[in-house]
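So the structure is just underneath, and the comments pick up after that.
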Amino acid sequence: MTPLPERRRICNAANLLTLSRLAMGPVLAWLILSSPARHEILPGAQLPRTPLLNEHSPSNGIVADAEAPPGITPPGIARDSQGDPAPQPCLFLVLFVLLGLTLLTDLLDGWLARRLRVVTDFGKIMDPVADSALCMTILFALSASPRFRDHFPIWFPLIVLYREVGMQVLRRYGALSGRVLAARWSGKAKMFVQSLALLGFFALVAISDWAGGTPFSPSDAAGARPWLMPESALGLAAFWVGVAIAAVNALSLIEYMRDIPALIRERQA
């Protein structure tokens, strides 16, 4: 069988799935940055009497903008007791679904390339690049989002960024000696932990936002909504998600750095 030209081999379904992860990164970042800051109302606290909140306001602190002073926001925008826009109930549900579908392409592209016998050097290079770009885009968006930036410091995505820079240096240095750095278990564990942590966090926020922002949310006999989580709890969850992702990236880099002495000896030989 005559091999396909390289151009035709690159333009295949497997590589298009890989490139779709690159394209989805900015979309997910835009959705994360669209989530407004949300102030927390502690149970039993006396809510302030403002033009946005009076004795006829709902007990969950989300009020309509019908009495908002002119010029602040357009009429009809839901606002919380501090006058900030209320979170959209379905925003993180959309994020969860899109991220799940995007991560699924990471499993499908390799299987499809082997099944169709269209494994290419371009696909081998772009697959880890697309994974890293997607993760870093989401982490930088979380660190800059109005809702979670106080709980998700910038050094979380910076650790991931510098891990990728270190890996590129090691790969290039190994290539000068004719050696290819083989994939390690830590790299696979890194991707698994990142995917599971981000999916779990998006699901947690989606459930809480839906419980507090829709009239169809489940409530008990007293009218309380058990699935509605305080913003402090969601912020703490975001913090520990960042810790877990930063930790697995740092440990993965440390494992690969163990090859540096061998690479230096091979280079000097």
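The values are calculated or read from the model by the stated rules, or taken from the named source; none is laboratory data. Note that the structure is a prediction, hence the values are computed from the model and not measured. Backbone-built Cβ (ideal geometry, glycine too); neighbour counts: all protein chains shown.
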(message) Taking the conditions exactly as written (within 25 Å of residue 153 (Cα to Cα), modelled with pLDDT of 50 or more and not in a helix (DSSP H, G or I)), does residue 128 satisfy them or not?
(response) no
(request) Answer yes if at least one residue in segment 110-117 is among the basic types (Lys, Arg), in the same structural domain as residue 168 (by TED's automatic domain parsing), at pLDDT 85 or above and assigned to a helix (DSSP H, G or I), and no otherwise. (result) yes
(request) Consider only pairs whose beta carbons are under 6 Å apart and that are at least six residues apart or on different chains; among these, list those whose first residue lies in segment 183-210 and is crowded, with 16+ Cβ neighbours inside 10 Å and whose second residue is of a type outside the set (Val, Ile, Thr) and not in a helix (DSSP H, G or I). (result) 207/227; 208/228; 208/229; 209/87; 209/89; 210/89
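If you check 97, 169, which single one turns out to be within 20 Å of residue 194 (Cβ to Cβ) and in the same structural domain as residue 202 (by TED's automatic domain parsing)? Please lay out each step first, then the result.
Numbers: 169 fails: within 20 Å of residue 194 (Cβ to Cβ).
After applying the criteria, what remains is 97.
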(request) Filter segment 145-170 for residues that are within 16 Å of residue 125 (Cα to Cα) and surrounded by fewer than 15 Cβ atoms within 10 Å (Cβ to Cβ) and give the result. (result) 165, 168, 169
(request) Using the structure shown, decide if residue 105 is of a type in the set (S, T, N, Q), closer than 24 Å to residue 17 by Cβ and in contact with a Gly (Cβ under 9 Å, 6 or more places away or on another chain). (result) no
(request) Tell me which residues, restricted to segment 98-128, are polar (S, T, N, Q) and within 16 Å of residue 138 (Cβ to Cβ). (result) 102, 105
(message) If a residue counts only when it is among the aliphatic types (A, V, I, L, M) and modelled with pLDDT of 80 or more, which helices (runs of 4 or more DSSP H) contained entirely in segment 161-269 have at least 3 such residues?
(response) 185-213, 231-257
(message) Residues to consider are 122, 140, 92; find the one that is under 16 Å from residue 37 (Cα atoms), among the aromatic types (Phe, Trp, Tyr) and modelled with pLDDT of 50 or more.
(response) 92
(request) Please enumerate the residues belonging to segment 137-159 that are under 19 Å from residue 248 (Cβ atoms), touching a residue at least 40 places away in the same chain (Cβ under 8 Å) and out of contact with any Phe, Trp or Tyr (no Cβ under 7 Å at 6 or more places or on another chain). (result) 137, 138, 140, 153, 155, 156, 159
